[in-house]
Amino acid sequence: MTYGDVAEAAWAWVRNQVRWDDSGPWIPEAAGGEKPVEYIDGMHSGIGGLAYTLAEIRLARPWTTAEQDLATGIADRIRALIPADRSTTFFDGLVSSIGILTALGEPGTDAALQRIRDIATDEGWPEKFLDEPRYEPGAFGNDVTLGTAAVLLGGLWAMRRGDDASALASRAADVVLGEKEELPTGVNWQFVSRRFRSDEPTEMPNFTHGLAGIATALAVAGVDLGRPELIDVAQRGAEHLVSIGINDDKGFRVARVIPWAERHGDEFTYNWCHGGAGTALLFSALEYADVKQVAGETPATWHRRCLDSVRYSGIPERLHPGFWDNDGRCCGTAGVGDAFLDTGDDQDLEFAVLMGDTLLDHAHHEGSHAYWRFIEHRNEDPLLPPGVGWMQGAAGIAAYLFRLQRVLGGDPRVVERMDNWWALRR
């Protein structure tokens with residue numbers, strides 16, 4: 001079977017998981033699951049993530065009538081949520097809604113932007129998931145997926161789509177700047193700033209929850225908002241990131257958790273969320289901002305070394321229990337493949353093809369359907385139920401396979417997303 005064949009089989013399986021209620025379509029987190037209580041709507045594991053798959057399909061072929069109905073149902077559901085939404089996260093909140101609606105080419109981003117403005121406090125955008133004893137009231141995150149940098153990224157993306165969001169993006173950038181930590185090696189951010197915490201923070205310095213993602217958003221913002229001081233701070237963040245990583249003949253890599261302990265599993269991983277595939281986005285952003293050097297090397301060199309760490313890590317082989325047990329976009333094979341396709345380099349295309357071949361090898365087939373089952377090696381039954389959505393399921397994997405099929409067929413077009421547009425080589 002070709003990549004496109006398996007993509008279509010996986011997408012058919014995903015569509016078979018879609019259910020409808022009075023609010024519109026929804027999906028379970030895993031096949032056969034109950035209706036989710038939380039995170040039912042967003043792009044991470046909810047129905048909204050299917051918008052990104054639909055955007056990829058639209059470059060491969062016209063939507064069917066059923067797919068158009070699904071797209072309309074998703075957009076209607078998301079728009080209806082905006083007036084009462086109090087979360088701003090990239091994964092599941094108002095920033096997620098901006099990404100979903102733009103992926104579908106649907107209106108409503110202006111309402112999401114206004115809602116973000118309306119719920120802002122004097123200090124920032126507090127999140128309900130931080131209502132824990134270890135956090136002070138009003139706590140907010142700084143990172144690019146759950147914190148203020150997500151608001152910044154959403155504002156910048158909306159600006160690129162023609163919305164009036166420059167003031168909002170600038171406000172978010174100012175909040176992020178106010179939370180930085182000055183260090184001899186540069187600047188840093190905690191996931192949640194120390195002033196909001198009663199415990200000693202554990203850092204996750206790569207893209208999704210730490211320094212790399214925050215500095216990425218600032219570098220891009222410095223260009224698009226015409227604020228060079230943001231680029232300077234992003235560069236200093238990259239300087240600190242380099243100082244805490246390892247740079248050798250196997251590339252550049254940063255521990256996924258600092259301080260690391262055995263309970264965290266492998267010290268280094270190589271995926272989009274906590275590894276080189278995602279951290280490379282920072283150095284693409286610094287290239288976009290025309291930064292000449294970081295720690296004596298060009299951003300392009302550091303970008304290549306991030307990808308080298310992935311290439312020389314041993315993936316996609318499962319070298320030991322717990323190593324590379326995931327094929328999804330967030331934490332596994334599909335996300336890595338996408339990062340390598342983004343460069344436009346022939347050698348990177350070869351590695352992207354290896355990721356595609358691995359996904360074909362790992363696919364479970366059931367009649368005309370296909371899906372993937374990740375592994376939790378600590379469970380008595382290590383095979384997890386097959387995930388459905390964008391970040392951790394068949395919808396996201398199918399989108400990668402659709403893209404790979406197109407690229408190998410000579411179609412270089414790319415679906416621009418909020419989390420990748422500055423890194424795309426055409």
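The values are calculated or read from the model by the stated rules, or taken from the named source; none is laboratory data. Quick caveat: nothing in here was measured; it's all calculated off a predicted structure. No Cβ is skipped: glycine too gets one built from the backbone with ideal geometry, and neighbour counts run over all protein chains shown. Please note that ligands, DNA and RNA were not included when accessible areas were found on the heavy atoms of the full protein model with its side chains. Shrake-Rupley method; radii C 1.70, N 1.55, O 1.52, S 1.80 Å.
You will find that of I40, I57, I78, I74, the residue that is aliphatic (A, V, I, L, M) and outside any helix (DSSP H, G or I) is I40 and no other. Residues in the stretch 12-31 that are polar (S, T, N, Q), in a loop (DSSP other than H, G, I, E, B) and closer than 17 Å to Y52 by Cβ: 0 in all. Mind listing just one residue for me: the one in the stretch 390-412 that is part of a loop (DSSP other than H, G, I, E, B) and at pLDDT 95 or above and, of those, nearest to the chain's Cα centre (by Cα)? Filtering the stretch 390-412 for residues that are part of a loop (DSSP other than H, G, I, E, B) and at pLDDT 95 or above, the one nearest to the chain's Cα centre (by Cα) comes out as M391. (1) over 16 Å from G93 (Cβ atoms); (2) at pLDDT 95 or above; (3) touching a Phe, Trp or Tyr at 6+ places or on another chain (Cβ under 8 Å): which one isn't true of P201, the others all being true? It fails just one condition, (2). If you go through the stretch 343-390 and keep only what is farther than 21 Å from G265 by Cβ and of a type in the set (V, I, T), you end up with T343, V353, V388.
W324 falls short on exactly one of the conditions (1) open to solvent by 30 Å² or more (accessible area, probe 1.4 Å); (2) part of a loop (DSSP other than H, G, I, E, B), and that condition is (1). Per the listing E132, E182, E106, the residue uniquely open to solvent by 10 Å² or more (accessible area, probe 1.4 Å), at pLDDT below 95 and among the charged types (D, E, K, R) is E132. When restricted to residues that are over 20 Å from V223 (Cβ atoms), in contact with a Gly (Cβ under 7 Å, 6 or more places away or on another chain) and not hydroxyl-bearing (S, T, Y), the stretch 274-310 contains 7.
Residues checked against (1) under 21 Å from G105 (Cα atoms); (2) open to solvent by 10 Å² or more (accessible area, probe 1.4 Å):
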residue: H365; (1), (2): no, yes
residue: P385; (1), (2): no, yes
residue: A395; (1), (2): yes, no
residue: R413; (1), (2): yes, yes
residue: R417; (1), (2): yes, yes
residue: L424; (1), (2): yes, yes
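Within the stretch 213-268, the set of residues being open to solvent by less than 20 Å² (accessible area, probe 1.4 Å), under 18 Å from A280 (Cβ atoms) and either β-branched (V, I, T) or part of a loop (DSSP other than H, G, I, E, B) (or both) comprises I214, T216, V220, V254, A255.
A search for C-beta distances below 8 Å between a residue of the stretch 147-176 that is under 14 Å from T88 (Cα atoms) and any residue that is part of a helix (DSSP H, G or I) and among the basic types (K, R), counting only pairs 6+ apart in sequence or on different chains, returns L168/R117. Under the condition of being in a loop (DSSP other than H, G, I, E, B) and either surrounded by 24 or more Cβ atoms within 10 Å (Cβ to Cβ) or over 22 Å from the mean Cα position of the chain (by Cα) (or both), the residues counted in the stretch 191-207 number 7.
Screening A169 against (1) more than 23 Å from V192 (Cβ to Cβ); (2) crowded, with 18+ Cβ neighbours inside 10 Å; (3) small (G, A, S) leaves a single unmet condition, (1).
Here G276 clears all of (1) within 22 Å of W372 (Cα to Cα); (2) among the small types (G, A, S); (3) crowded, with 24+ Cβ neighbours inside 10 Å except the condition numbered (1). The requirement of being open to solvent by 20 Å² or more (accessible area, probe 1.4 Å), closer than 28 Å to G186 by Cα and either free of Cβ contacts under 8 Å to residues at least 60 places away in the same chain or acidic (D, E) (or both) is fulfilled somewhere in the stretch 280-290, by at least one residue.
Apart from one condition, H209 fits all of (1) closer than 24 Å to A261 by Cα; (2) in contact with a Gly (Cβ under 6 Å, 6 or more places away or on another chain); the exception is (2).
Could you tell me which residue of the stretch 1-53 is nearest to G393 (Cα to Cα), considering only residues that are polar (S, T, N, Q) and open to solvent by 70 Å² or more (accessible area, probe 1.4 Å)?
Per the criteria, the residue is N16.
For the stretch 127-167, a tally of residues being assigned to a loop (DSSP other than H, G, I, E, B) and either aliphatic (A, V, I, L, M) or more than 28 Å from P107 (Cβ to Cβ) (or both) returns 14.
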